[in-house]
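S.K.: Provided herewith is a single structure, encoded as structure tokens, for subsequent inquiry.
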Amino acid sequence: MLYALMIYERPSDFERRDPAAADSVIGAWRSYFRAVSDAGIYVGGNALDIPDNATTVRLRDDKRQIQDGPYANTKEQLGGVMVLELPSLDEALEWAAGCPAASYGAVEVRPVSTSTDERVTGERQQW
């Protein structure tokens, strides 16, 4: 089963991605990525740019509404997504707990709905 690990961070956490940031932050992420890759469970994912560079689109009464910034004004913003293929939610929760962001932000674990892909595209999607 596919699980999305959605990584939420505070605005100050995005600053830690700077190349001049402490090597321990980058080192923790490199180790985690190596672990999920070596385990053969990594399907895909990526970090997202800072929330200030987001643009939100809504369609209301057939009119497009554009908002600079993220959808929600919250203390934590979506900072990235990683998709893992694992046999159970329990294993997904174990990997989420090992994610570096779990120690300073939050990691939401959610099953990926492959049935929706099939209904929309008419084809079974393969990762």
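The values are calculated or read from the model by the stated rules, or taken from the named source; none is laboratory data. From a predicted model like this one, the values you see are computed outputs, not experimental measurements. Neighbour counts run over all protein chains shown; Cβ positions are idealised from the backbone, glycine included. Calculation scope for accessible area: heavy atoms of the full protein, side chains included, ligands and nucleic acids excluded. Shrake-Rupley method; radii C 1.70, N 1.55, O 1.52, S 1.80 Å.
S.K.: Non-local amide H neighbours of residue 77 (under 5 Å, H modeled in plane, Pro and chain starts lacking H): which ones?
M.R.: 9, 10
S.K.: Could you tell me whether region 1-68 comes out rounded, prolate or oblate from its Cα gyration tensor? Rule is a ≥ b ≥ c as square roots of the eigenvalues, rounded for a/c under 1.5, then prolate if a/b exceeds b/c, otherwise oblate.
M.R.: The shape class here is oblate.
S.K.: Applying a 10 Å radius around every beta-carbon, put 81-87, 102-108, 3-9 in order of their mean neighbour count, most first.
M.R.: 3-9, 81-87, 102-108
S.K.: Another question, if that's okay. From the protein chains alone at 1.4 Å, what is the descending order of accessible area for 56, 114, largest first?
M.R.: 114, 56
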